[in-house]
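What follows draws every value from the coordinates through simple rules; no lab data is involved. Small disclaimer: the values here were computed from a predicted structure and weren't measured. Don't worry about glycine lacking a Cβ; one is built from the backbone with ideal geometry, like all the others, and counts go over all protein chains shown.
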Amino acid sequence: MTNKATILVVDDSSANLLLLKDILTTYEYTVLLESGGEKVVNVLENNVVDLVLLDIMMPGISGFDVCKLIKANDKIKSIPVIFLTAKVDESSLLYGFEIGGVDYIKKPFLVSELMARVHTHIELRRATLALEMELNRHKITQDQLKKSESELRIRNQIAEAFLLNSTDTLFNKLLGPILEYNESQTGFIGYINDADYLVCPTLADFFPDKKAAKEAIIFEKSDWKGIWGECLLNGVSIVKNEQLVLPFGHQTLRNALSCPILYNGEPVGLITLGNKIQGYSKDDVLRLERLSVYVSSILYDRLQANKEMKARNEAENMLKESEEKYRTLFNENNDAVFIFAAESTSATRFKDVNETAIQLFGYQYDEFLKMSMIDLVLPYNIQNMSERLQQVIEKGSAQFETYYKAKDDTVIPVELSARLFSYKGQLAIMSVVRNIKERVDLNKMIVNKVIETEEKERSRFSKDIHDGVGAILSSINTYIHLLERKKITEAEMPSALHDMKNLINEAMVSTKEIANNLIPNILSNFGLVTAVNSLITKLNYASDIVFNFDPSNYSDNLGDKVKVHLFRIFSEIINNALIHSGAKQVNLFMHQENNILRIDYKDNGVGADLSEINTKFSLGQSNGIQNIKARVSALNGEMVMRTTKGNGFSISIVINTDKLDEYK
């Protein structure tokens, strides 16, 4: 091996040090040894080290503390640390990853496992350092930098996928980033197994029949056909910028690029991309070949390691991945969480539930373990629930809203998010259930209030039209009848026409006033600030309260719908002050800075008990505050109220105008 990598081994056991040195030097690594953690930072600062193998349990300073010292030092923090441990307990492993460790090896270790993990992390570090050196050595354009960063990100994702997953599902995780990186719409990845078969797990999506897909993703050499067969048999990349028919799944590709994954000149897998709109170029081939070179060593190491410890890797990796997600969601989640096997969705009993589920639905833990998800569903929703859970099994996840019933038959609207995950080595479904009763009730209340308000407005407009415009039109109609019957003499005609003109003008004025009540003309013609000032000017003449309005730094560049909402908010705030505040003075402030609009209201009135206001609001008894909050919510804003009895009342409203494109 040229350009030997250097590995620092830290262990308080001299036997372990000698054993690791013997193994690593056999694989032509340069090895540094330390029997304690006290000198590790100094050794790393004065030597070029590619990897640290660090024992956790040591006298004096522990491996965890040594790792924290390394990661706190800017000169050496990028050196990967693999922990050596005789005891694999969840809390220690999680803590090790949190403080910067990249992997762990359990004592006593398998030589193949040790070398596979050491090789993978050294290659990943070398690839990262090589890319950093390349970027520092050349002045490249911004586009080139972005491409390099994208490739590094893809490489890191590839390395992470291989490290965390030893099943065929990792290829599905790899495919998405590779397609994005190469601007392709579809494709697949395959590897060559021990029996010299090409295994393409990602081809399952090409088959409408999922059962047939499981049997059709493995190909013997005699079945290596088309562009991917030519690519594998000849060991070279192939481009076909034309319409192609695939020899499986009755699918076609407009354009395709197939690249072999070679290790020591022999194919270990392939990547095929398709449907790039403008076709594939030489640059596309070079990019994919660079990526395949990086994938090859990791894939080869993984395939070799899987021969010896497939079962162990599957158990450890699946356990680590699932337990981390499970513990985070399960123990720290304020929503109800259910776990059940991904088998028969209608009959499978719960395997686990959290405390939130017990409190929300009223069943004891032991009762839940005798139930299934279907037992919580309303009878008319059982079929829909079964179909949605089947969707989770087929597609991996689903999110929807439904209704569940508690033990006391209370119906609870819920938002359900379900996904597949590994639970104690088996495929299971985790269902996170959120109680959305408040949201549903609030939406119903808002809709009811809107309808109620609309009905009141219709009634008022009808009365205005009947009593005002209707009466005027009746008078005009009377004059017309008199004219038709020639009851008006020629001498009376000028006076009658004059009266009719006045009545018509009066009808026009009344009509405009009604329209102005719908959307004030002053708001449409002169903007929000002028409309609010006009409203306040009238009130300063007609009430005992002094209203002050300061529209500091407000640019009138919002859409008409937004302005109407804001004007109604000001109107509701002012109306609330007139009715409830008992104040002598009210200050209104509106300020806009960049994309943040802030409205502040403050009075010197009698104040109130904030808890009483919130209670009335929840019971639908505080219409003014409800209307203000509903309009603020409609603008995706936030509102905070502050008050105590005898100390006035204030409201602060913050709205992000970047989120108001739908109103412009």
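An oblate overall shape is assigned to the stretch 338-431, the ratio a/c of its alpha-carbon gyration tensor axes (a ≥ b ≥ c) being 1.5 or greater and a/b not exceeding b/c.
What is the sum of charges around ASN587, taking Lys and Arg as +1, Asp and Glu as -1, for the other residues whose C-beta is under 10 Å from the C-beta of ASN587?
Numbers: positive: LYS602; negative: ASP550, ASP600, ASP603.
Its environment carries a net charge of -2.
Computed extension length for SER112-ILE436: 111.5 nm, one decimal, from 0.36 nm per residue of separation with the Cα-Cα distance subtracted. Near the amide H of THR186, within less than 5 Å, lie the amide hydrogens of GLY274, all on another chain or at least 5 residues away, with H placed in the peptide plane.
Quick one: which of LYS395/LYS629; LYS68/LYS107; LYS221/LYS276; LYS4/LYS276; LYS173/LYS276 span more than 31 angstrom between C-alpha atoms? List each step's numbers first, then the result.
Values: LYS395/LYS629 39 Å; LYS68/LYS107 22 Å; LYS221/LYS276 28 Å; LYS4/LYS276 41 Å; LYS173/LYS276 20 Å.
Checking Cα-Cα distances, LYS395/LYS629; LYS4/LYS276 exceed 31 Å.
Spin-label model, ASP556 to ASN477: label points 7 Å out along the Cα-to-beta-carbon direction sit 4.1 nm apart. Modelled this way, with points 7 Å down the Cα-to-C-beta line, the labels at ALA634 and THR530 are 2.4 nm from one another. Near MET57, once Lys and Arg are set to +1 and Asp and Glu to -1 for all other residues with Cβ below 9 Å from its Cβ, the sum equals -1.
Report the extension gain between HIS498 and LYS77 in nm, rounded to one decimal, defined as 0.36 nm multiplied by the number of residues separating them, less their alpha carbon distance.
Numbers: separation 421, 0.36 × 421 = 151.56 nm, distance 9.42 nm.
Once the chain is fully extended between HIS498 and LYS77, it gains 142.1 nm.
Distance from the alpha carbon centroid of the stretch 1-62 to that of the stretch 76-103 works out to 15 angstrom.
Could you give the length gained by full extension between SER62 and ASP658, i.e. 0.36 nm per residue of separation minus their alpha carbon distance, to one decimal place? Intermediate results must be reported in sequence, preceding the final value.
On the way: separation 596, 0.36 × 596 = 214.56 nm, distance 5.05 nm.
209.5 nm is the gain from fully extending SER62 to ASP658.
Using the Cβ of ASN46 as centre and a radius below 14 Å, the other residues enclosed give a net charge of 0, where K and R count +1 and D and E count -1. Can you tell me the FRET efficiency between GLU321 and LYS538 if r is taken as the Cβ-Cβ distance and R0 is 60 Å, rounded to the nearest 0.05? Working from the Cβ atoms, E equals 0.35.
Which pairs break 31 Å Cα to Cα here: LYS87/LYS351; LYS77/LYS351; LYS320/LYS405?
Values: LYS87/LYS351 27 Å; LYS77/LYS351 42 Å; LYS320/LYS405 34 Å.
Correct reply: LYS77/LYS351; LYS320/LYS405.
Spacing of the modelled spin labels on ALA195 and LYS173, each 7 Å from Cα toward Cβ, amounts to 2.6 nm.
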